[in-house]
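**Q** Here's a structure for you.
The values are calculated or read from the model by the stated rules, or taken from the named source; none is laboratory data. Everything numeric here is computed off the predicted structure, so don't read it as measured data. Here the Cβ positions follow ideal geometry from the backbone for every residue, glycine too, while neighbour counts run over all protein chains shown. Heads up: the accessible areas ignore ligands, DNA and RNA and are worked out on the full protein's heavy atoms, side chains in. Shrake-Rupley method; radii C 1.70, N 1.55, O 1.52, S 1.80 Å.
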Amino acid sequence: MPLIKSWVASANTPDTPFPLNNLPCGVFSTAGSEPRCGVAIGDRILDMAALETAGLIDIGAEDLFDVPFWNEVMELGPDAWAALRRRLSELLAEDSPDRTALEPILVPMAEAELHMPCLVSEYTDFYASRHHATNVGTMFRGAENALPPNWLHIPIGYNGRASTVVASGTDIIRPNGQLKPADADRPVFGPCRRLDIELELGAVVGCGSEMGTPLTIAEADAMIFGYVLLNDWSARDIQAWEYQPLGPFQAKAFATSISPWIVTSAALEPFRTATPDRAVPILPYLAEPGPMLYDIDLSVTMKPAGATAATTIARTNYREMYWSAAQQLAHHASSGCAMNVGDLLGSGTISGPDRDSRGSLLELTWGGRDPLRLDTGETRTFIEDGDTLTLHGHADGDGYRIGFGTCSGTVRPAVSFPKVTDDR
Ligand code: CA
């Protein structure tokens, strides 16, 4: 599919992340106005609340867009999502008869503040890139035990915290926690010393499912409203001490950042690609009826405080995943677990086969053994206070690009914790 031309000139340039082919959903505000729904087009945001007030959109319900979340639109289901996309495509097309009515309700993106695009009802994080799982398993348990025996059969996940999922641009406070130095008998409590990122894609679930009702893979795929970039900030030293036997807890609970635009599954449709060949046969309930990954280029940049430019530290692609979001969602519901509108599923860290295609500092520096050199001349093993980490993502089409915007966060010092007397 080629670029679909719009009367919004900035949406027709080959490097804009937001051509008419994209139409991602976000929440924005401008000086003195309340956050409300908007759709990105070129370097503008279409004010969806104003569009609704003007009587130019009707997808089967009223008062959908004058709120700071897209959950009510998601709740209407896939037919309404398709109607929304059709109508926006008409309104913004090169030959649209409604241009004059829309021009005053396009807001310059440079003047807008972006917020969380939806209410995250629950957050689940997976562990579904084989390269990542192999790298981490090798460091934590040795090469012979790298992949746990269940890994090739089951999309491994854990229930995370929705309460600390934040929008790109939110500062990240270095967590405190229990750390157990290898040469110490007992743990200490204090600021994390091995703070890391995890480059992930988040799937936003747009339809709920009933408790006790499993989903087929096709049903699960159709329930996904769209995707965001997701940074699952991780405290490696806290994780290494706490993770056995129930998995990560405080090491992942302090913050998860997402990009501000939900790129819809419909916009990503031309970029579908299959999961890799199965290393061992999988159970039928996880078998995909078609390609359910997407070809999305991803990268990470790091910028120390005061630096003028950021250094790209990793480049990879979402097609490296072993398990797709549809498989993860179907597996999540397979026990009878109810899924909610606004459920967020983290893909798991996306690592490729090469040294510079690893989606975490843990892997890029091999546990801190091989420091990274930044363009500023500084080196890093893990994140230092003042560093800004940014995820980037886009799918490249024929003369256009489906961009995600960025997912960024700057790390601030840990809060000082009241000293607790230790009488032991
Ligand atoms: Ca993760």
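**Q** Give me the angle, in degrees from 0 to 90, between the Cα long axis of helix 78-92 and the longest principal axis of the Cα atoms of the chain, rounded to the nearest 10.
**A** The helix 78-92 is inclined about 60 degrees to the chain.
**Q** Sticking with this one: Provide, for the chain, the number of lysine pairs with alpha carbons under 30 Å apart, each pair being eight or more places apart or on different chains.
**A** Close lysine pairs found across the chain: 5.
**Q** Now, a different point. Give me the percent of accessible area attributable to carbon and sulfur for the stretch 1-155, probe 1.4 angstrom.
**A** Here carbon and sulfur together make up 52 percent of the probe-accessible area.
**Q** At 1.4 Å probe size, with no ligands or nucleic acids counted, give the accessible surface of His153 in Å², nearest ten.
**A** Accessible area of His153: about 80 Å².
**Q** Expected output is a single nm value to one decimal: the length gained when fully extending between Arg373 and Asp183, i.e. 0.36 nm times separation in residues minus the C-alpha distance. What is it? Spell out each step's value before the answer.
**A** Values: separation 190, 0.36 × 190 = 68.40 nm, distance 2.83 nm.
My answer for the length gained is 65.6 nm.
**Q** To the nearest 10 square angstrom, how much accessible area does Val188 have with a 1.4 angstrom probe?
**A** Per-residue accessible area (Val188): approximately 70 Å².
**Q** Next question. Kindly report the accessible area of the chain per residue (heavy atoms of protein chains, probe 1.4 Å, no ligands, DNA or RNA), in Å².
**A** Averaged over the residues of the chain, the accessible area is 43 Å².
**Q** Compute the label zone of Thr216 within the stretch 251-295: residues whose backbone N is under 13 Å from the point 7 Å along Cα-to-Cβ.
**A** Of the residues in the stretch 251-295, 285-290 have backbone N under 13 Å from the label point off Thr216.
**Q** Right, another one. Taking Cα centroids, how far is the stretch 133-199 from the stretch 77-111 in Å?
**A** So the separation of the two Cα centres works out to 42 Å.
**Q** Label points 7 Å out from Cα along the Cβ direction at Ala101 and Phe249: separation in nm?
**A** With each label placed 7 Å out from Cα toward Cβ, I get 5.7 nm.
**Q** Got the relative contact order for the chain handy, in percent, Cα pairs under 8 Å and 6 or more residues apart?
**A** Relative contact order comes out at 21 percent.
**Q** Counting only protein chains, not ligands or nucleic acids, how are Val341, Val415, Val300 ordered by accessible area (probe 1.4 Å), most first? Display every interim value, and only then the final one.
**A** Values: Val341 30, Val415 85, Val300 0 Å².
Ranking Val341, Val415, Val300 by accessible area, largest first, yields Val415, Val341, Val300.
**Q** Between Leu345, Leu230, Leu92, which gets the highest mean-square fluctuation from a Gaussian network model of the chain, Cα cutoff 10 Å?
**A** Answer for the Gaussian network model of the chain: Leu92.
**Q** Take the eigenvalues of the Cα gyration tensor for the stretch 204-355, scale each by 5, and report the square roots as semi-axes in whole Å, largest first.
**A** Taking √(5λ) for each eigenvalue gives 28, 20, 17 Å, largest first.
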